[in-house]
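Contents: one structure, followed by commentary.
The values are calculated or read from the model by the stated rules, or taken from the named source; none is laboratory data. The shown structure was predicted, so the numbers you read here are calculated from the model rather than taken from an experiment. A quick note on method: Cβ atoms are made from the backbone with ideal geometry, for glycine too, and the neighbour counts reach across all protein chains shown. Accessible surface areas use protein heavy atoms only, side chains included; no ligands, DNA or RNA. Shrake-Rupley method; radii C 1.70, N 1.55, O 1.52, S 1.80 Å.
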Amino acid sequence: MNSVMSFIQAYGWLLGGLIGLFLVAIVGAWISAALGRSYPLTVIEDRGKPGATELVAIAHGYARGGKSMEGISRAIREVCPDADILRFDYNRHLFSNRRPNQIAAEMDDKLNELQDARKYERIILVGFSMGALLIRKAYVYGCGSIADSPVADGLRETQCAPRAWVKQVRRLVLLAGMNRGWNPQNRARYSPYAQRFVVHLFWVLARLTKTGGLIKGTMRGEPFVANLRLQWLEVMRTAEKNGLARPRVIQFLGDSDDVVTAQDSRDVTVARDFIWVVVNNTTHPKMIELGEEGSRLERKKKIQSAFGDETALEKLRRSNLTVSLDEDKLVKTVVFVLHGIRDMGEWTSNFEAPLQEAYLREHTTGEKLYVHRASYGYFAMGPFLLWADRQKNVRWFMDQVTELKARFPNLQEIHFIGHSNGTYILASALEKYVTLKVEHVVLAGSVVRRDFPWSSFAGRVKQVRNYVGSRDIVVGWFPCLFEKPGFRIFNRDIGSAGFNGFEDGFVQPMETRFVRGGHGAALVKENVPSIVDFIIHGKRTDVASVFVEKQPLALTLSSNVCWLVWLILIAIVLYGGWKSPYAGEVLARHFGSALNHESLALVWSSRAIYAILVLLVLKTI
């Protein structure tokens with residue numbers, strides 16, 4: 001204790017300064033977030049000739065405001081001398097909590113207001129970086145796809161009539177567009193360590209202060225991005241039916257871009273006239289740095305060609321790579337099979353042949369079923385207990401769903417078979433992503449909470465089949481804890497539906513209580529026909545050989561006091577930490593040291609090592 005006090009006295013000024021800076025940073029984050037909420041969307045207009053019939057609308061990126069697009073605006077003016085040029089300027093405060101879909105909705109309103117007043121015959125949308133996401137979202141809102149619009153009831157009102165302005169949109173020019181959202185891992189590979197530290201500090205502050213909603217909302221897999229991707233695919237497929245012209249889409253990507261990768265072009269491959277243009281010697285921020293010599297001139301000429309006539313566009317197409325679509329128009333049905341925790345999904349292969357056979361018996365017109373058995377990798381119990389780690393897999397899942405819809409343009413229905421954490425992924429995705437729709441859902445070893453409101457998703461989920469295990473200790477002891485009074489605050493969205501069943505009447509008619517066995521009881525080969533029958537026909541069939549009428553009384557009672565199981569396990573872990581100095585003493589003697597279990601250095605070093613070992617174990621079991 002004396003050594004600790006001496007340290008505090010000697011370095012108290014340093015500690016106090018660091019604490020003070022941290023508090024200032026927290027207050028600064030809150031101020032930045034507040035300013036972001038109050039910052040309205042503004043526009044900078046550069047009018048062309050009187051009565052202009054063409055409008056070019058430009059949206060900037062996150063790092064710099066509307067003025068940063070002046071060079072782009074000047075380059076456009078050279079090739080579109082008569083057009084009206086509009087630069088949006090939206091909030092870009094570092095910790096802004098401004099919702100990206102709110103900004104996009106305001107862009108939609110502004111463009112519709114201008115169209116009503118000026119009657120443009122041709123509109124071109126330009127977006128750089130995050131601005132590409134926002135301008136595309138404004139477009140899909142204008143097309144009537146408003147499921148996640150601020151003015152819509154997210155679970156009911158998903159579609160309305162197209163607005164006047166989108167009927168005149170002929171082209172989208174995306175400059176380093178974050179079409180799939182931005183991935184922080186891309187940037188980390190190229191950033192200096194000092195910059196990585198600053199970025200890490202930003203995320204720590206953002207989490208502590210619940211700020212940074214704008215930048216977090218545009219990350220890969222977040223609802224704003226995932227919904228946009230699905231909305232875009234649907235809008236492109238139904239454009240002609242809704243009286244809309246499918247716009248030509250030109251995506252510019254820097255060859256040294258450390259934020260947007262080549263994979264980000266996949267979203268727009270469904271656009272019939274998509275053109276993908278690689279720009280040499282160009283990082284992400286340099287995409288909008290234009291000039292009259294060298295790489296700046298090359299960027300300028302290539303970007304200007306996107307505003308040219310059909311001959312210029314054809315030249316762009318022929319001088320750049322074509323992205324492979326990897327399409328199969330015969331696939332009408334997808335069954336998404338998803339594994340759980342501590343599991344790499346080997347069991348998923350049991351469903352391929354039975355599902356294909358059952359589907360072919362019902363469909364003889366050449367239609368196909370595709371069984372999607374993707375894996376998000378090994379997921380241990382420790383990360384499963386952390387909401388942020390669980391949400392990474394939810395974002396991955398929505399990315400997979402979007403890719404499936406892009407690969408199969410005639411896809412009509414998605415069914416789902418999930419086990420353990422896979423059941424959580426689907427339930428969480430339904431809550432967060434209003435564009436997600438599934439038909440028949442099979443849940444095995446479910447870790448979804450019992451009171452999950454399935455009825456509220458009846459318009460997006462057709463039927464749910466839940467298999468409840470008779471001896472599922474994993475669910476009965478662990479996720480079950482978070483449904484007990486006082487414990488839900490630690491994990492509000494996981495529970496014991498795989499052990500206790502659901503309370504919602506929407507699910508109960510198709511629920512089997514109980515399947516003989518533990519956490520993976522419903523996935524045994526004997527029960528595969530029951531699952532296949534539900535997926536293909538929507539029928540409930542219980543296999544007599546795996547069906548039991550009740551759970552063991554002892555297991556039911558222990559589940560009711562699962563908090564006691566947790567306390568015992570925590571006590572064992574803490575006791576091990578308390579006694580770790582004795583083990584450290586044994587090791588110290590083995591290496592010839594005189595340290596004993598009362599030595600301050602041995603006590604804290606051994607406990608630190610023990611804590612690290614416990615964390616490593618939690619990440620692997």
How large is the helix-only mean residue ellipticity at 222 nm for the chain, computed as the sum of -39500 (n - 2.57) over DSSP H runs with n ≥ 4, divided by its residue count, in deg cm²/dmol to the nearest 500? -14000 deg cm²/dmol
Cα-based Rg and Dmax for the chain, where Dmax is the largest Cα-Cα distance (Å): 28.3, 91
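Around Val401, with a cut-off of 10 angstrom between Cβ atoms, what is the net charge of the other residues, counting Lys and Arg +1 and Asp and Glu -1?
+1
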If R₀ is 56 angstrom, what is the calculated FRET efficiency for the pair Asn410 and Leu613, using the beta carbon separation as r and rounding to 0.05? 0.60
Taking only Cα atoms, what is the 0 to 90° angle, nearest 10, from helix 2-38's long axis to the longest principal axis of the chain? 40
Search the structure for amide H atoms under 5 Å from the amide H of Val371, placed 1.01 Å from N in the peptide plane, and list their residues when 5 or more places away or on another chain. Val335
Place +1 on the Cβ of every Lys and Arg and -1 on the Cβ of every Asp and Glu in the chain, take the dipole about the Cα centre, and give the residue among Leu125, Gly181, Trp30 whose Cα lies farthest towards its positive end. Trp30
May I ask for the net charge around Ala83, where only other residues with Cβ less than 10 Å from the Cβ of Ala83 are counted and Lys, Arg are +1 while Asp, Glu are -1? 0
Long-range HN-HN contacts of Arg465 with modeled amide H, under 5 Å: Val441, Val442, Leu443
Ignoring ligands, DNA and RNA, what percent of the 1.4 Å accessible area of segment 405-447 is carbon and sulfur? 37
Taking 300-309, 90-99, 511-520, 601-610 and ranking on average Cβ neighbours within 10 Å, highest first, one gets 90-99, 511-520, 300-309, 601-610
Counting lysine pairs in segment 319-452 that sit 8 or more positions apart or on different chains, with Cα atoms under 18 Å apart, gives 8
Where does each of 572-584, 74-86, 241-253, 331-343 land if you order them by average Cβ count within 10 Å, highest first? 331-343, 241-253, 74-86, 572-584
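Taking the solvent-accessible surface of protein heavy atoms with a 1.4 Å probe, what is the per residue accessible area of segment 510-553 in Å²?
Accessible surface, normalised per residue, equals 49 Å².
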The size of the Cβ-based charge dipole (Lys, Arg +1; Asp, Glu -1) of the chain about the Cα centre, to the nearest 20 debye, is 580
Note the angle between two axes, namely the Cα long axis of helix 387-407 and the longest principal axis of the Cα atoms of the chain, as a number of degrees from 0 to 90, rounded to the nearest 10. 50
Rounded, prolate or oblate: pick one for segment 394-485, where a ≥ b ≥ c are the square roots of the eigenvalues of its C-alpha gyration tensor, a/c under 1.5 means rounded, and failing that, prolate if a/b is larger than b/c, else oblate. prolate
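Report, in listed order, any pair from Lys49/Lys119; Lys110/Lys216; Lys137/Lys216 with a Cα-Cα distance greater than 19 Å.
With Cα atoms farther than 19 Å apart: Lys110/Lys216.
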Taking only C-alpha pairs under 8 Å that are 6+ residues apart, what is the relative contact order of the chain in percent? 9
For Cys160, the accessible surface traced by a 1.4 Å probe with all protein chains present amounts, in square angstrom to the nearest 10, to 60
Order by protection proxy (mean Cβ within 10 Å, highest first), peptides 196-205, 367-376, 102-111, 122-131: 122-131, 102-111, 367-376, 196-205
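Tally the DSSP beta bridges in the chain and give the antiparallel ones as a percent, rounded to 5.
Working: 7 of 59 bridges.
Antiparallel bridges make up about 10 percent of those DSSP assigns within the chain.
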